[in-house]
Amino acid sequence: MSKFALITGASTGIGFELAHLAAKDGYDLLVVADEPLIEASAEDFKQYGTQVQSVEADLSTLQGVDQLLAATAGRQIDLLCANAGRGLGHGFLDQDVADWRRVIDTNVTGTIYLLQKVLKQMVVRDDGRVLITGSIAGFIPGSFQAVYNGTKAFIDSFADAIRNEIKESKGVTVTTLMPGPVETEFFARGDMLDTSVGASESKSDPRDVAKDGWDALMAGHAHIVSGWKNKIQAAVAHVTPAGVLAEQHRKMAQPGSAKVE
């Protein structure tokens, strides 16, 4: 029987490209997103001849995660790409509670609930691969993206901690993919198209980011910062005062900061 991969946030962007890579590598897929587009995306993954199943579920809720897991019908999950995430721009004091809660519930609560469920089984059999989509945003105080960057700081740190906790399970690997800004629907959905970072034409291609993540996952690496510019930015962030980083981020993410030609 083919190996089985579960990929979240697979309707577009990095998750969409990860699903292509997994199917191309012979994995049967269970793909999920919180929008109907996941069904059309799933049809695209079938070109490689593997079994593909799609689920539309809201992974910001425990019920949505349970719905996803139920769709596995008890099949062993050999690979998990925990990629689903949500962004949110504007000043924190201007954000609706429901909006910032959904960011936290998607990026943190739903993600770690899914990880706990899947990793338990992987550790029991001492076999499995996990790729978690973090971000270099987790190294930077995110002025005008404060909640989002905070969730990625949590995920980056959480992945490091869990990797250490299960280190005796040599057959299980946990890899953190940490891209910078990527050319996806993230900025439109987060209402950030009028920001410098949202309007930038230098964002990474999701195909390149997914390939970096996939290669690191298959090699069993702990981390991968995707893109040489992001590697430099991540390194600089570790030695730069938080106040300076926050001001730099403000210039990228403050509403209206996009350059007008």
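Are there any pairs with C-beta distances below 6 angstrom linking a residue in segment 19-43 that is under 13 Å from Trp214 (Cα atoms) to a residue that is among the aromatic types (Phe, Trp, Tyr) and in a helix (DSSP H, G or I), with the two at least 6 apart or on different chains, and if so which?
Between residues of segment 19-43 that are under 13 Å from Trp214 (Cα atoms) and residues that are among the aromatic types (Phe, Trp, Tyr) and in a helix (DSSP H, G or I), the close pairs are Ala19/Phe45; Leu21/Trp214; Ala23/Phe45; Ala23/Tyr48; Lys24/Tyr48.
Restricted to segment 212-242, and to residues that are assigned to a helix (DSSP H, G or I), out of contact with any helix residue (DSSP H, G or I) (no Cβ under 7 Å at 6 or more places or on another chain) and in contact (Cβ under 8 Å) with a residue 40 or more places away in the chain, which residue is nearest to Pro179 (Cα to Cα)? Let's see the steps before the verdict.
So the first thing to find is which residues in segment 212-242 are assigned to a helix (DSSP H, G or I), and the list is 212-219, 228-237, 242.
When the remaining residues are screened for being out of contact with any helix residue (DSSP H, G or I) (no Cβ under 7 Å at 6 or more places or on another chain), the result is 212, 215-219, 228-229, 231-232, 235-236, 242.
Checking the rest, the ones that are also in contact (Cβ under 8 Å) with a residue 40 or more places away in the chain come to 216-218, 229, 242.
On the way: Ala216: 13, Leu217: 14, Met218: 17, Lys229: 10, Ala242: 20 Å.
My answer is Lys229.
Determine the pairs where a residue that is under 18 Å from Thr109 (Cβ atoms), located within segment 141-157, has a partner that is open to solvent by 30 Å² or more (accessible area, probe 1.4 Å) and acidic (Asp, Glu) with Cβ atoms under 9 Å apart, the partner being 6 or more residues away or on another chain.
Filtered contacts from segment 141-157: Val147/Asp99.
For Arg125, all conditions in the list (1) open to solvent by 50 Å² or more (accessible area, probe 1.4 Å); (2) modelled with pLDDT under 95 hold save one; what is the number of the exception?
(2)
Which of the following residues is surrounded by fewer than 20 Cβ atoms within 10 Å (Cβ to Cβ), among the hydroxyl-bearing types (Ser, Thr, Tyr) and modelled with pLDDT under 80: Ser196, Ser202, Ser169?
Ser202
In this structure, is Val52 open to solvent by 20 Å² or more (accessible area, probe 1.4 Å) and at pLDDT 95 or above? Can you show your working first?
Working: open to solvent by 20 Å² or more (accessible area, probe 1.4 Å): yes; at pLDDT 95 or above: yes.
Yes, satisfied.
Would you check which residues across segment 236-257 are modelled with pLDDT of 85 or more and surrounded by 13 or more Cβ atoms within 10 Å (Cβ to Cβ) and list them?
Matches in segment 236-257: Thr240, Ala246, Gln248, His249, Arg250, Lys251, Ala253, Gln254, Pro255, Ser257.
Where the second residue is open to solvent by less than 30 Å² (accessible area, probe 1.4 Å) and of a type in the set (A, V, I, L, M) and the first is free of Cβ contacts under 8 Å to residues at least 24 places away in the same chain and lies in segment 185-204, which pairs have Cβ atoms under 6 Å and are six or more apart or on separate chains?
Going by the 6 Å Cβ cut-off, the qualifying pairs are Lys203/Val182.
The values are calculated or read from the model by the stated rules, or taken from the named source; none is laboratory data. These numbers come from a predicted model, not from an experiment. Virtual Cβ from ideal backbone geometry, glycine too; neighbours counted across all protein chains shown. Calculation scope for accessible area: heavy atoms of the full protein, side chains included, ligands and nucleic acids excluded. Shrake-Rupley method; radii C 1.70, N 1.55, O 1.52, S 1.80 Å.
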